[in-house]
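Data first, discussion second: the structure below is written as structure tokens.
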Amino acid sequence: MVVAEDTLIKQELQSRKLAAPGDEILIRHQSQGLFTLYRADLRKEKKVYRSYIVKQVDSGEMGRLEADGLQAIGSTGCAVPSTHGIIESRGRSFLIMDFVETGAKRAGQASFEENLRRLYAERQPSYGWKEANYIGTLSQPNAWHDRFADFWWQDRILPQVEMAINRGFFKSADRKSMESLVFRLSEAWKLDDFGPRMVHGDLWAGNVIVSSDGQTYFIDPSVACSHPEQDLAMLQLFGAPFDINKELFEMLGLPPGTGERVPFFQLYPLLVHVNIFGASYVSGVKEVLRTYR
């Protein structure tokens, strides 16, 4: 017999002492995208006093890596929801996190900028990460590299373009064009001068939430040590929820030309979207190649 999700979540919250004896626990479906989210409200005397988000993920390992990523970027002082462990039962896995009551995006501009400042403040020794993790539902390799171009090609662009070629979206000539583009422009722009910094890695608008009191939180990271322009380009791929401008670049200490390199850094998330969602994103990849031909 398979225990229903709501019953399982209730049992786990009680056994982990995340809910007090006598609490009424209300479980409801919160949203559906790549992953299913449930909201768990704890009530006393008919009043909600605490809430959790419970995210159903593909495996316990995926949940652990997401929790580790949140802890890593949170260690910089960047605001993230607290995590409370992984539920694993009969092939199902769930990550438990604090629920953040949201407000208006624009109200979080100052907090958003402060999160970025803290996240990118320290130069890291190398590009990469201590272990492979995920970007969406796809595995993301993370070896350590001394040069940005090697990291960006070997652990970001190449795995995605090879997957896309195998699925018939691109040809070998496209792979050669991307390889040339990565190494040529990384050198021309001297991207190693700024050095590796910790990045969120999947910082699109949906992974930035603003609480009702104006605090910005980053969620669902694909953390690594990379170039901060990766995050800023991702934020602009589907419409930036905050002001991304020259003043922000200067505050973060980013090198001249930051705003001009956006298509270059969008190549990776566009390839990811090709491999997750299909052919509708191929034209975006082709446009990047035309931009830097």
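Some points to look at:
- Relative contact order %, region 5-98, counting alpha carbon pairs below 8 Å whose residues are six or more apart: 21
- Set of aspartates and glutamates near K47 by C-alpha distance (under 12 Å), chain-local residues within fewer than 8 positions excluded: D23, E24
- Nearest 10 degrees, 0 to 90: helix 282-291 Cα axis against the chain principal axis: 40
- Just so you know, the Cα atoms of region 140-293 work out to an Rg and Dmax of 15.4, 51 Å.
- In units of the compact-protein estimate 2.2 N^0.38 Å, region 5-98 shows a Cα radius of gyration of 1.08.
- Net charge contributed by nearby residues that have their C-beta within less than 9 Å of Q56 (K/R +1, D/E -1): 0
- Panel order for E113, E88, by other beta carbons found within 10 Å of each beta carbon, from fewest to most: E88, E113.
- Local electrostatic count, F151, Cβ distance below 13 Å [Lys/Arg +1, Asp/Glu -1]: -1
- Taking other residues whose beta carbon is less than 13 angstrom from the beta carbon of L181, and scoring Lys, Arg as +1 and Asp, Glu as -1, yields +4.
- In degrees, nearest ten, helix 5-15 long axis to first principal axis of the chain (Cα): 70
- Residues of type lysines that K171 reaches as a straight line, Cα spacing below 21 Å, ignoring anything fewer than 8 places off in the same chain: K286
- Taken as Cα centroids, region 62-127 and region 190-225 sit 9 Å apart, rounded to the nearest whole angstrom.
- With an a/c value of 1.5 or above and a/b larger than b/c for the gyration tensor axes a ≥ b ≥ c computed over the alpha-carbon atoms, region 232-285 is described as prolate.
- Look at the alpha carbon pairs under 8 Å that are at least 6 residues apart: their mean separation over the length of region 83-173 gives a relative contact order of 13 percent.
- Structure remark: mean-square fluctuation, Gaussian network model of the chain, C-alpha springs under 10 Å; the largest value among N207, N115, N166 belongs to N166.
- Selected from N142, L70, A240, residue furthest toward positive end of dipole (the chain; charges at beta carbon): A240
- Cα-Cα separations in the chain greater than 31 Å, expressed as whole percent: 32
- In summary, the lysines within cross-link reach of K44, defined as a Cα separation below 17 angstrom excluding same-chain residues under 8 places away, comprise K10, K17.
No lab work stands behind these numbers, since they all come straight from the coordinates. Here the structure is a predicted model, which is why all the values come from computation and not from measurement. No Cβ is skipped: glycine too gets one built from the backbone with ideal geometry, and neighbour counts run over all protein chains shown.
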